[in-house]
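Student: Let me begin by handing over the structure; questions about it come next.
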Amino acid sequence: MAVGTLPGERARPAARTARHPAAATGLRPLLTVLGLFALWQAVVLATAVPPYILPPPMAVLETLATSWRLILGHAGITGLEILLGFLLGGLLGAGSGLLLATFATARRWLLPLFVVSQALPVFALAPLLVLWLGYGMASKIAMAVLIIYFPIAAAFYDGLRRADPEMLDLVRLLGASRFDTMRLIRLPAALPSLASGLRVAASVAPIGAVVGEWVGSAGGLGYLMLHANARMQIDLMFAALLVLAAMALVLYLTVDRLGRRLTPWQAETTSDF
């Protein structure tokens, strides 16, 4: 007999009660999207704005359904640029944070350059990257790396510095080497900060690829949106924008899930979505 039940009364299955919060969590994003589409339609009806300025949502969805092959081809290019930029920027950012936290000489020489480099407007470098690397995928990946690099490096470096001082003193007294101290104390303590930096990087990764495509490209969602705007195909431009938003959301949710698996000891284990 389960605790809290009367004699002869059956205990309710725990799986049935736990099913409702999960269903509510999955329903929330759908309701949010439907609410945004309803608000969009209400603005179109209330203002009577011309469709070449703000097309109604049904027209955009119709264009998405009829031009899905065109949009999917460009989305594949942009998605690959975002993914490669995120992976490369993550590796470089994590490596830089580890280098700065490990070696004082590197910290004295590189940290000022690391900070000053962020004073430069990254978007202003896009034309130079296209000039140096060409109109292909390399310049878009480099642009994404430049945007992704700093949040990851800064978050990881800050997390490595915030390791518990008492634990560090303890392992030093026990004769642990610098490598063991980094592996056993600093790295586990910095994983939550690294996960936060990866989430921020995932949210800004599409910006670098799209801006690079706007400056000069032969394909991608940014290229498609730019040419659709020039031809006054605003419904196509909005359809490409919706696909880009969906890709960014999927990337963020994937990184968020991986970050929570990376830090299972965190108190907050449920996603906000």
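Bear in mind that the values in this text are calculations on the coordinates, not laboratory data. Keep in mind that what you see is a predicted model, and the values were worked out from it rather than measured. Cβ sites come from the backbone with ideal geometry, for glycine too, and all protein chains shown count toward neighbours.
Student: Regarding LEU70, is this residue surrounded by fewer than 17 Cβ atoms within 10 Å (Cβ to Cβ), within 18 Å of ARG231 (Cα to Cα), in contact with a helix residue (DSSP H, G or I) (Cβ under 9 Å, 6 or more places away or on another chain) and not basic (Lys, Arg)?
Tutor: Details: surrounded by fewer than 17 Cβ atoms within 10 Å (Cβ to Cβ): yes; within 18 Å of ARG231 (Cα to Cα): yes; in contact with a helix residue (DSSP H, G or I) (Cβ under 9 Å, 6 or more places away or on another chain): yes; not basic (Lys, Arg): yes.
In short, yes.
Student: Looking only at region 201-234, how many residues end up being outside any helix (DSSP H, G or I) and crowded, with 24+ Cβ neighbours inside 10 Å? Spell out how you get there, then give the answer.
Tutor: To start, the set of residues in region 201-234 that are outside any helix (DSSP H, G or I) comprises 216-220, 231-233.
Next, from what is left, pick out any that are crowded, with 24+ Cβ neighbours inside 10 Å: 217, 220.
Of the residues in region 201-234, 2 are outside any helix (DSSP H, G or I) and crowded, with 24+ Cβ neighbours inside 10 Å.
Student: If a residue counts only when it is within 22 Å of TYR252 (Cα to Cα), which helices (runs of 4 or more DSSP H) contained entirely in region 55-168 have at least 3 such residues? Step through it out loud before you land on a result.
Tutor: Numbers: elements: 57-66, 68-102, 104-116, 126-133, 137-161.
Correct list: 68-102, 137-161.
To keep it simple, each residue is scored yes or no on (1) over 27 Å from GLY136 (Cα atoms); (2) in contact with a Phe, Trp or Tyr (Cβ under 9 Å, 6 or more places away or on another chain); (3) among the acidic types (Asp, Glu).
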residue: ARG178; (1), (2), (3): yes, no, no
residue: ILE207; (1), (2), (3): no, yes, no
residue: ALA240; (1), (2), (3): no, no, no
residue: ASP256; (1), (2), (3): yes, yes, yes
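Student: Quick one: would you say ARG162 is in contact with a Ser or Thr (Cβ under 8 Å, 6 or more places away or on another chain) and closer than 27 Å to LEU184 by Cβ?
Tutor: On the way: in contact with a Ser or Thr (Cβ under 8 Å, 6 or more places away or on another chain): yes; closer than 27 Å to LEU184 by Cβ: yes.
Yes.
Student: Would you be able to tell me the number of residues in region 181-226 that are of a type in the set (Val, Ile, Thr) and free of Cβ contacts under 8 Å to residues at least 24 places away in the same chain?
Tutor: At the first step, the residues of region 181-226 found to be of a type in the set (Val, Ile, Thr) are 181, 185, 200, 204, 207, 210-211, 215.
Imposing the further condition that a residue be free of Cβ contacts under 8 Å to residues at least 24 places away in the same chain reduces the set to 181, 185.
Number satisfying all stated conditions: 2.
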